[in-house]
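Read the structure below first, then the notes.
The values are calculated or read from the model by the stated rules, or taken from the named source; none is laboratory data. All figures in this text were calculated on a predicted structure; none of them were measured in a lab. Every residue, glycine among them, receives a Cβ derived from its backbone with ideal geometry; neighbour counts consider all protein chains shown. Note: areas computed on protein heavy atoms with side chains; ligands, DNA, RNA excluded. Shrake-Rupley method; radii C 1.70, N 1.55, O 1.52, S 1.80 Å.
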Amino acid sequence: MSNAHAANKSVLWDWLTTVDHKKIGILYLVSGGFFFLVGGLEAVLIRIQLMNPEMTFLTGNLYNQVLTMHGTTMIFLAAMPIIFGFMNAVVPLQIGARDVAFPFVNSLGFWLFFFGGILLNLSWFLGGAPDAGWTAYAPLSTTSTGHGVDFYVLGLQIAGAGTLMGGINFLVTIINMRAPGMTFMRMPLFTWTAFVTSGLILFAFPALTIGLFLLMFERVFEANFFDANMGGNAIIWEHIFWIFGHPEVYILILPAFGIISEVVATFSRKRLFGYSAMVFATVLIGFLGFMVWAHHMFTVGLGPVANSIFAVATMAIAIPTGVKIFNWVFTMWGGKIRFTTANLFSVGFIPTFVMGGVTGVMLAVAPADYQYHDSYFVVAHFHYVIVGGLILGLFSGLYYWYPRMFGLMLNEALGKWNFWTFFIGFHLTFFPQHFLGLMGMPRRYFTYPEEFGLGSLNFISTIGAVFMTVGTIIFIINVVVTHAKGKKVSGDPWDGRTLEWAIPNPTPHYNFLQTPLVRGLDALWIEKMAGNKKMTPAEPVGDIHMPNNSVLPLFMSIGFFIAGFGFIYYSSAGAPALIAIIVGLGIGLACMFLRSWIDDHGHHLHKEDLLKEDKGVDA
Amino acid sequence: MDVGERLTDQNFPESPEKATLEGKNKFLGFWLFLGGETVLFATLFGTYLGLRNSFGKGPEASEIFQLPMVFAATIILLTSSLTSVYAVLALKENRVKQMRRWFFITLLLGLSFLGLEIYEFVEYVHEGHTFTSGAFGSAFYTLVGFHGGHVLFGCLWITALLVRNSGRGLTLYNAPKYYLFALYWHFVDVVWVFIFTVVYLMGKVG
Ligand code: HEM
Ligand SMILES: [Cu+2]
């Protein structure tokens, strides 16, 4: 019955109202991918400006805008959503669930992120983008003229709310929705990292929420939190931002650790080495991640005691991180390694990330940081961990889970070109930046004089960026070619070990016809070793309860989007802006109210239909 | 049994708010949400503590705070926590009428708290303590206002719940909704206890 009434409506309507975690995963991936291209374009513009000394391609304020939008877009609109894309696509399958705990909230989280991202980027066409850096330090951000920073505040506020909901959703999903036998210590590592990342989101994002509110109040309603003339204190912003900001970098990197752990184990045909140590290290990193924020503020003048404590705490994180590196290497040791593209990205990740970790520990030496701080050395460090770590991990995950998400296998030959151009390009871009930093090149400056001798390394760096661009273009070509050919693959193309490979292709709407019984770590592999073709079911075939689609999340997000505009223009437009605020918030609240008012019990898929359908798709 | 079906005394489960998977999910999700809210308020408190003696152009905290009125507001809000406890006790025993009555009293108390708070703010503004009079003013109104906003939201929430479910009994679908409201209300109360201490008592002492 449900399928019949779903088919009546258009495909577009289905995507706009979907609450299916698989589709939401794709929505996240595609929109995150789009913003990745936007952020990438901005990066290329930056590199063109810095290619030679005293270039005039992109100067002054415009450079500041491009720089700010590059960082903000990459972190909040590219990396975070792509991670959420994988979490959506994979976590419910890995734990043997039929959906996430709150499908409605899941859809709301996506649409909030999406409209937040659009709002932020509209600033380009509406008088100029934010220009105070992705960290938006006060008083630079509070005194920045125009509405750029207002777009930053409202865009991130809306997108951030979506992220927070996503975090809670995945925590509950992982705690409550695991299949029988899937104990915590049998969860695949990607699910573990998704779990810890969600916990970090829960405790870190509210700090950002407040920070953004304060900044908004300061800019729009003339509050005085950060204005020293009125007794305010600009350092408060730095604390709040980094109390959120440092956990944020672990929010980003932990899922990449998870992906690497899955890929390395699968393509070494071995169980992950030191699974429990990996879990422990993940949790420990998550915990320590909250104790180190002031390492971004060594030069602020917090005093030697505070600096020492934060320095030691920061260095301590290198220990669980090191544990992980060794475990990946030992997983490969003696394994039957297959260098598929997914595995190439994972293997490339390991040494690259180590380099980023080493510079991290160097930066953690507080006295030395007085030299490195705000120089290109820091830029090199965080790109090694974010691009060399996170982005390589995401590419690895893409090649690995593409068959699961789209039923198609990305082309391996193009994939290898993708890897090598991107990987070489990456090191070419960012390795020289360490030395530029040590030579004294400050970050965020739009140019440098000829006599400083920074020209040749900068030039090399820009050439590297060209390679990375080529790599990205090859990836896009790969996607196009793959979908043009459209050759379906089986449900388990890699000889997988975990539950997401135990289902047919394409993944049925309800994921598992029968909830599987999990008998250990690498649940599918255990069955394979026992000679079973399928997972042992934990229940007989029966009716399946599924959530209903809803358009409310979309409308609610549009409401907040409109209100966002109102707040942005409130200080200059007055009454019309106020109307936008009232109308927007009204729509948002009305949707919430409707959600509460209309009873929504979901629907059932009936046993007979399920059995018929199951015959059709065959594994 | 259907989740929308009215519960009878015979089939009434021990914890109707957690009897279904949806209920369990909501219950856990809401606790986690309150964890996030804790960080939210902690950040506001931190900011307030950093700025509480930076009065700028406004008057000092000890000059303007009227403890008797704030004390009355505190008592009102604490009492409303108690009434919501009674409501939940009734919920657990399927006494719908009593439950709804207690929630209604909770709502009235919440509204009177809000009334007092608005009155208080108006007084302060007359005395020159405003949102823009200095860092202290900004931090004060933001922290206390955020809390007030939470009370307001809670009032709207319970109103919607009471109206929607008027004439309906308890079901496995609406029991978690009532229960979560009570949790939320307690949280808002606990935050107030901290505000009372950190903002008003400490402010009076200087
Ligand atoms: C061994 C682990 C790590 C250590 C010891 C470490 C240490 C540091 C330190 C001390 C700084 C401040 C430098 C300064 O501004 O003077 C820094 C900056 C930064 N780190 Fe890390 N880090 C580590 C891992 C990571 C990871 C995993 C990520 C992200 C995935 C990351 C992302 C960043 C970013 C984005 C910045 C620059 C922020 C800015 O000022 O714009 N770091 N790191
Ligand atoms: Cu950090």
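What the table shows:
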item	result
Evaluation of B:GLY134 against (1) surrounded by 22 or more Cβ atoms within 10 Å (Cβ to Cβ); (2) at the interface with chain A (Cβ under 10 Å from one of its Cβ atoms); (3) touching an Asp or Glu at 6+ places or on another chain (Cβ under 8 Å) (one fails), failing number	(3)
Complete set of residues in the stretch B:33-56 that are surrounded by fewer than 16 Cβ atoms within 10 Å (Cβ to Cβ) and either in contact with a Ser or Thr (Cβ under 6 Å, 6 or more places away or on another chain) or not in a helix (DSSP H, G or I) (or both)	B:ASN53
Some residue of the stretch A:150-164 being at pLDDT 95 or above and either open to solvent by 50 Å² or more (accessible area, probe 1.4 Å) or touching a strand residue (DSSP E or B) at 6+ places or on another chain (Cβ under 7 Å) (or both)	no
Restricting the stretch B:55-79 to residues that are small (Gly, Ala, Ser) and modelled with pLDDT under 95, the residue that is farthest from B:HIS129 (Cα to Cα)	B:SER62
Single unsatisfied condition, B:ALA42 versus (1) facing chain A (nearest Cβ under 7 Å); (2) farther than 17 Å from A:ILE168 by Cβ	(1)
Complete set of residues in the stretch A:289-298 that are more than 9 Å from ligand 1 (Cβ to nearest atom), open to solvent by 30 Å² or more (accessible area, probe 1.4 Å) and assigned to a helix (DSSP H, G or I)	A:TRP293
Subset tally (residues that are more than 6 Å from ligand 1 (Cβ to nearest atom) and either open to solvent by less than 30 Å² (accessible area, probe 1.4 Å) or over 28 Å from the mean Cα position of the chain (by Cα) (or both)) for the stretch A:363-381	11
Of the criteria (1) assigned to a helix (DSSP H, G or I); (2) closer than 24 Å to A:ILE253 by Cβ, which one A:VAL100 fails	(1)
Single unsatisfied condition, A:ASN233 versus (1) open to solvent by 40 Å² or more (accessible area, probe 1.4 Å); (2) within 16 Å of ligand 2 (Cβ to nearest atom); (3) of a type outside the set (A, V, I, L, M); (4) within 14 Å of chain B (Cβ to nearest Cβ)	(2)
Flag if B:ARG95 is among the basic types (Lys, Arg) and touching a residue at least 12 places away in the same chain (Cβ under 8 Å)	no
Test: residue in the stretch B:141-155 that is free of Cβ contacts under 8 Å to residues at least 60 places away in the same chain, within 11 Å of chain A (Cβ to nearest Cβ) and open to solvent by 40 Å² or more (accessible area, probe 1.4 Å)	yes
Residues of the stretch A:444-462 satisfying the condition of being crowded, with 18+ Cβ neighbours inside 10 Å, of a type outside the set (Ser, Thr, Tyr) and not in a helix (DSSP H, G or I)	A:PHE446, A:LEU454
Selection from the stretch B:1-29 of residues that are open to solvent by less than 40 Å² (accessible area, probe 1.4 Å), more than 9 Å from every other protein chain (Cβ to nearest Cβ) and outside any loop (DSSP other than H, G, I, E, B)	B:PRO16, B:GLU17, B:GLY23
Single match in A:PHE221, A:PHE203 (criterion: within 19 Å of A:PRO255 (Cβ to Cβ), surrounded by fewer than 24 Cβ atoms within 10 Å (Cβ to Cβ) and within 7 Å of another protein chain (Cβ to nearest Cβ))	A:PHE203
Residue within the stretch A:586-601 that is touching a residue at least 60 places away in the same chain (Cβ under 8 Å), more than 32 Å from the chain's Cα centre (by Cα) and either within 13 Å of chain B (Cβ to nearest Cβ) or part of a helix (DSSP H, G or I) (or both) present	no
Residue within the stretch A:295-302 that is of a type outside the set (D, E, K, R), over 25 Å from A:GLY360 (Cα atoms) and within 14 Å of chain B (Cβ to nearest Cβ) present	no
Top-ranked residue in the stretch A:463-509 [being of a type in the set (S, T, N, Q) and over 30 Å from A:PHE426 (Cα atoms); ranked as surrounded by the fewest Cβ atoms within 10 Å (Cβ to Cβ)]	A:SER490
Residue under evaluation A:VAL149, criteria (1) in a loop (DSSP other than H, G, I, E, B); (2) away from chain B (no Cβ under 13 Å), criterion not met	(1)
Answer from A:VAL387, A:VAL323, A:VAL358, A:VAL347 - the residue that is crowded, with 16+ Cβ neighbours inside 10 Å, near ligand 1 (Cβ under 10 Å from one of its atoms) and away from chain B (no Cβ under 14 Å)	A:VAL387
Any hit, the stretch A:165-177, residues being within 14 Å of another protein chain (Cβ to nearest Cβ), closer than 30 Å to A:GLU262 by Cβ, in contact (Cβ under 8 Å) with a residue 60 or more places away in the chain and not in a helix (DSSP H, G or I)	yes
Identity of the residue in the stretch A:391-424, hydroxyl-bearing (Ser, Thr, Tyr) and in contact with a Phe, Trp or Tyr (Cβ under 6 Å, 6 or more places away or on another chain), that ends up most open to solvent (accessible area, probe 1.4 Å)	A:THR421
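This table checks each residue for (1) under 20 Å from A:PHE102 (Cβ atoms); (2) over 26 Å from the mean Cα position of the chain (by Cα); (3) surrounded by 15 or more Cβ atoms within 10 Å (Cβ to Cβ).
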position	(1), (2), (3)
A:VAL551	yes, no, no
A:TYR570	no, yes, yes
A:GLY574	no, yes, no
A:LEU578	no, yes, no
A:GLY584	no, yes, yes
